[in-house]
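The numbers here are math on the coordinates, done by the rules we state, and not lab data. Predicted model, so just to flag it, every value in this text is computed and none were measured. As a convention, Cβ positions derive from the backbone with ideal geometry for all residues, glycine included, and neighbour counts pool all protein chains shown.
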Amino acid sequence: MRKLGEYVSRNAHRLHYPQFIARELPIGSGAIETGVGVVHNERLKNDCMHGSVAGARPVLALRATALSPFPRWQAF
């Protein structure tokens with residue numbers, strides 16, 4: 001309980017969940033974890049796909065932007 005209290009005290013400025021929900025912002029890690037599976041695993045782990053980490057970074061950035069539920073692709 002002490003550790004939880006310390007965490008909440010340190011991170012209170014990040015814990016405005018009702019406001020985030022009202023703005024339809026994600027509040028959990030599930031969307032990120034799913035994104036890793038879709039963007040990373042499908043791109044780098046499919047059969048016959050080869051490449052380097054340096055080459056994968058720009059592709060992953062574009063795919064993450066394109067798959068984002070927010071209007072990042074239009075801004076890009």
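With each pseudo-label sitting 7 Å past Cα toward Cβ, what's the Ile21-Leu4 distance in nm, one decimal?
For the pair Ile21/Leu4, the computed spacing is 1.8 nm.
Compute the length gained on full extension between Ala54 and Glu33: take 0.36 nm times their separation in residues and subtract their Cα-Cα distance, giving the result in nm to one decimal. Intermediate values should be presented prior to the final figure.
Values: separation 21, 0.36 × 21 = 7.56 nm, distance 2.16 nm.
Contour length minus Cα-Cα distance gives 5.4 nm.
Stretch Asn11-Ala61 to full length: gain in nm at 0.36 nm per residue minus the Cα-Cα span? Spell out each step's value before the answer.
Numbers: separation 50, 0.36 × 50 = 18.00 nm, distance 2.82 nm.
Residue separation times 0.36 nm, minus the Cα-Cα distance, leaves 15.2 nm.
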